[in-house]
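Undergrad: First the structure, which I've put down as structure tokens, then a few questions once you've had a look.
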Amino acid sequence: MKKLIAILVPVLFVVACKNVEQFRAPIEALSADWEKATTAVTEVGSMIGATQTSLAAIKDSFMVDPMKAAKLKPEVTDSLNSLKLAYTTQVDGLMGLASEVTSFAGSWQQMSTKLTALKTGLASGKLDGDVMAQVNELKNAAMDAATKAEAWKTKLNAAKATAMAAYDMYTQKKMSLK
């Protein structure tokens with residue numbers, strides 16, 4: 001009996017390790033995709049923060065000297081107010097976008113824990129559960145994150161362009177009042 005156990009233990013160990021090895025390539029590919037998606041989400045989050053800061057810094061320039069404002073025709077005042085509203089709408093929209101990215105980052109962190117468990121299991125030679133289902137779930141999450149990051153970047157660029165166009169028109173109109 002001892003001889004049988006002595007033979008079976010190494011065989012079972014080799015079979016178990018071989019079983020884990022079949023998941024090495026998918027887990028390593030997933031890790032690379034995950035890193036790219038993480039970078040994309042982090043970069044867009046940083047871009048949103050930087051844009052919010054820069055746009056907030058020029059928000060105060062949407063002021064007209066009260067003495068001049070009192071002398072303006074109503075249509076000029078309405079036009080200036082409309083441009084200011086267009087600007088602030090875009091700036092406020094960035095807060096919603098930043099909130100969306102922050103919320104996603106929280107769920108992303110939870111998913112990252114699952115990837116870490118897979119990588120740890122691979123390194124230790126012991127993977128639990130339906131490994132391919134876990135890999136596929138995380139792979140879909142990585143693709144979703146990359147898609148969302150691109151969409152957020154597009155929304156950010158559009159909001160920034162619209163805000164800056166409103167700012168430029170406001171500045172030109174304000175300069176013409178002198």
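Undergrad: Quick one: is Lys119 open to solvent by 70 Å² or more (accessible area, probe 1.4 Å), in a helix (DSSP H, G or I) and under 18 Å from Thr39 (Cβ atoms)?
TA: The answer is yes for Lys119.
Undergrad: Also: Report every pair of residues separated by at least 6 positions or lying on different chains whose Cβ atoms are under 9 Å apart, first residue within region 29-55 and within 15 Å of Gln90 (Cα to Cα), second surrounded by 13 or more Cβ atoms within 10 Å (Cβ to Cβ) and of a type in the set (Ser, Thr, Tyr).
TA: Here the result reads Leu55/Tyr87; Leu55/Tyr167, each pair linking region 29-55 to a residue that is surrounded by 13 or more Cβ atoms within 10 Å (Cβ to Cβ) and of a type in the set (Ser, Thr, Tyr).
Undergrad: In a helix (DSSP H, G or I), aliphatic (A, V, I, L, M), farther than 30 Å from Asn19 by Cβ and touching a residue at least 24 places away in the same chain (Cβ under 8 Å) - does that describe any residue in region 135-144?
TA: For region 135-144, residues in a helix (DSSP H, G or I), aliphatic (A, V, I, L, M), farther than 30 Å from Asn19 by Cβ and touching a residue at least 24 places away in the same chain (Cβ under 8 Å): absent.
Undergrad: Right, here's the next one. Restricting the search to region 100-116, which residues are under 14 Å from the mean Cα position of the chain (by Cα) and open to solvent by 70 Å² or more (accessible area, probe 1.4 Å)?
TA: Of everything in region 100-116, those that are under 14 Å from the mean Cα position of the chain (by Cα) and open to solvent by 70 Å² or more (accessible area, probe 1.4 Å) turn out to be Glu100, Thr102, Ser103, Gln109.
Undergrad: Could I ask something else about it? For region 31-46, give me each residue that is surrounded by 14 or more Cβ atoms within 10 Å (Cβ to Cβ) and among the polar types (S, T, N, Q).
TA: Once the filter is applied, which keeps residues that are surrounded by 14 or more Cβ atoms within 10 Å (Cβ to Cβ) and among the polar types (S, T, N, Q), region 31-46 yields Ser31, Thr38, Thr42.
Undergrad: I'd like to check something: does region 165-174 contain any residue that is touching a residue at least 24 places away in the same chain (Cβ under 8 Å), among the hydroxyl-bearing types (Ser, Thr, Tyr) and either over 24 Å from Gly45 (Cβ atoms) or touching a Ser or Thr at 6+ places or on another chain (Cβ under 6 Å) (or both)?
TA: Yes, the conditions are met somewhere in region 165-174.
Undergrad: Test Val20 against the stated conditions and say whether it is farther than 22 Å from Ala146 by Cβ, touching a Gly at 6+ places or on another chain (Cβ under 8 Å) and among the hydrophobic types (A, V, I, L, M, F, W, C). Can you show your working first?
TA: Values: farther than 22 Å from Ala146 by Cβ: yes; touching a Gly at 6+ places or on another chain (Cβ under 8 Å): yes; among the hydrophobic types (A, V, I, L, M, F, W, C): yes.
Yes; evaluated as a whole, the condition is true for this residue.
Undergrad: Of everything in region 47-88, what is surrounded by 13 or more Cβ atoms within 10 Å (Cβ to Cβ), of a type in the set (Ser, Thr, Tyr) and farther than 11 Å from Ala163 by Cβ? Give them in sequence order.
TA: Within region 47-88, Thr77, Ser79, Ser82 qualify.
Undergrad: What are the pairs with Cβ atoms under 8 angstrom where one residue, in region 89-108, is under 12 Å from Ala159 (Cα atoms) and without any contact (Cβ under 8 Å) to a residue 12 or more places away in the chain and the other, located anywhere, is open to solvent by 70 Å² or more (accessible area, probe 1.4 Å) and in a helix (DSSP H, G or I)? Sequence gap at least six, or different chains.
TA: Final answer for the pair search is none.
Undergrad: Considering region 123-176 alone, what residues qualify as being crowded, with 19+ Cβ neighbours inside 10 Å, of a type outside the set (A, V, I, L, M, F, W, C) and closer than 21 Å to Ile48 by Cβ?
TA: Those that are crowded, with 19+ Cβ neighbours inside 10 Å, of a type outside the set (A, V, I, L, M, F, W, C) and closer than 21 Å to Ile48 by Cβ: Lys160, Tyr167.
The values are calculated or read from the model by the stated rules, or taken from the named source; none is laboratory data. Remember, predicted model here, so these are calculated numbers, not experimental data. Reconstructed Cβ throughout: ideal geometry from the backbone, glycine too, with neighbour counts over all protein chains shown. Remember, those area values only see protein heavy atoms, side chains included, never the ligands or the DNA or RNA. Shrake-Rupley method; radii C 1.70, N 1.55, O 1.52, S 1.80 Å.
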